[in-house]
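Data first, discussion second: the structure below is written as structure tokens.
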Amino acid sequence: MSSAHGGGRVSAREAVAALTGSFTEHRPPGHPVRTDGPLGWSGYDDSRARAAARTGEEESVLYGVATVEGLPCVLVSFEFGFLGGSLGGRTGDRLEAAYALAGERRLPLVSLVATGGSRMQEGMIALIQLQRVARASAGLRAAGLPQIAVLRDPTTGGGWATVGAGADVVLALPGAQIGFAGSRVRPADADPYAYSAEGQLAAGHVDAVVPPGELAGTLGRWLTVLTAAGPAAAPVPAALSDTALPETGWDAVRQARAAERPRAGAYLDAYFDFRLPLNGDRCGGTDPGMPCGAGLHGGQAVVYVAQCGTATRPAGYRTAARVIRLADRLGLPVLTLIDTPGAANDAEAERAGAGAAIADTFAAIAAARVPVTTLVIGEGGSGGALALASPDRTHVTADSYFSVIAPELAAAILKRGPEDVRATADQLRIRPQDLVELGVARSVVGPAPLPGPP
């Protein structure tokens, strides 16, 4: 996609046109502008005039109401050709007005960001626009309205640290430069990958890198999911195997640890019509063993958090807590799938705050006002599994178990020998049917019935 303003970058209006043919631009009320800006910066008026002549825009941001894939939203687009897409006082006016419009119309806000940060010629007046944006964004969060950011090239400085990173869903275009430090102010020996869309994805600060040709469809799916709030709990998934209930506690462990047992990926694929990832803990970490996201199940929006059979890392718990709180704020039901031998307990996990991360996940589940549905599909290892369990909507499959601790570790703590592990498993009462009898689980879920003849 070529740019009308040179440099190979797409203009603000080209970015809008690539998503929608339905865009009604809005403008905030006009304000008197002092000659050469609030600082009296010599030549600033001339710089603005040249930028306006070059781009055809009055300011570095335009906004209005649009439909993307048939779904309404307030759309904000940055014009990098206008003084590097920088934020000044009048940019702040437009951004604040865009957030207000989204609140008034009860619409999601989608921002197409391309900015070099705050405008030098306006000094601290430019910098305090970040506070205005943060306040406006907080207002939308309090109103339960979703915010999606699309990070174009480049997205740096205060624009990244407010409109971009402050969104509920953060998407990025391939190869986009993203970082708080722009290219002219970062250390000379800095790793460029850390400032790229792909590097930010790997570090858990971006949810997905989306090719331009797929952006409209991806945004349409996100808008569908994030605006489909409803009070209904997520339906319990059907079991994907017809395994019989175990006779002993150790049988339960063996069935849950069987290599052929269906895993979380299979359950998610079977459950969702489509699903979209929410990646990373926003603290520099990801856990591939804890996929999170949102999707549609039979037309109902559901947010999911799933364990994939590995020891869960602190970043996984922090991601889960972030996603559960987002679901709660937007009024979306949550589905959690439990399958872990337990929380990661190595030194690295401790340094990364395993205890605090697990506590935060417990707190997110406990505070959730939306219904949380849980299915234990494999191993339920101690508090590392319980942190994701609904207190009143937990179900189990026949090839799962849930235990205060793994039977081998329980035997070791009780100073029993390896020959006593099986008996210890029986004493712990960890079979699916035991969990129902104890009131820990509501039911043992069976496979979905096969469709009958027409």
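The values are calculated or read from the model by the stated rules, or taken from the named source; none is laboratory data. Given the structure is predicted, the values throughout are model-derived calculations rather than measurements. All Cβ positions, even for glycine, are placed from backbone atoms using ideal geometry, and neighbour counts span all protein chains on display.
Mind telling me which of the residues T336, T394, T319, T373 ends up being within 20 Å of R275 (Cβ to Cβ), more than 17 Å from the chain's Cα centre (by Cα) and among the β-branched types (V, I, T)? Break it down stepwise before answering.
Working: T336 fails: more than 17 Å from the chain's Cα centre (by Cα); T394 fails: within 20 Å of R275 (Cβ to Cβ); T319 fails: more than 17 Å from the chain's Cα centre (by Cα).
Just a single option satisfies the conditions, and that option is T373.
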(request) Scan region 259-301 for residues that are among the hydrophobic types (A, V, I, L, M, F, W, C) and farther than 18 Å from T218 by Cα and report the count. (result) 7
(request) Look through region 37-64, keep the residues that are touching a residue at least 24 places away in the same chain (Cβ under 8 Å) and under 15 Å from I125 (Cβ atoms), and return whichever of them is surrounded by the most Cβ atoms within 10 Å (Cβ to Cβ). (result) S60
(request) Answer yes or no: is there a residue in region 265-274 that is closer than 25 Å to R318 by Cβ and small (G, A, S). (result) yes
(request) Might you let me know whether region 148-163 holds any residue that is within 20 Å of L330 (Cα to Cα), acidic (D, E), assigned by TED's automatic domain parsing to the domain that holds L75 and in contact (Cβ under 8 Å) with a residue 40 or more places away in the chain? (result) no
(request) Give region 398-421 a look and list any residue that's surrounded by fewer than 17 Cβ atoms within 10 Å (Cβ to Cβ) and at pLDDT 90 or above, or say none. (result) V404
(request) Taking A387 as meeting all but one of (1) surrounded by 24 or more Cβ atoms within 10 Å (Cβ to Cβ); (2) in contact with a Gly (Cβ under 7 Å, 6 or more places away or on another chain), write down the number of the exception. (result) (2)
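So which of T312, T243, T286 is hydroxyl-bearing (S, T, Y), touching a helix residue (DSSP H, G or I) at 6+ places or on another chain (Cβ under 8 Å) and farther than 26 Å from D207 by Cα? Break it down stepwise before answering.
Numbers: T312 fails: farther than 26 Å from D207 by Cα; T286 fails: farther than 26 Å from D207 by Cα.
From the options T312, T243, T286, the qualifying one is T243.
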(request) Please work out which one of (1) under 16 Å from the mean Cα position of the chain (by Cα); (2) modelled with pLDDT under 95 is the condition R141 fails and give its number. (result) (2)
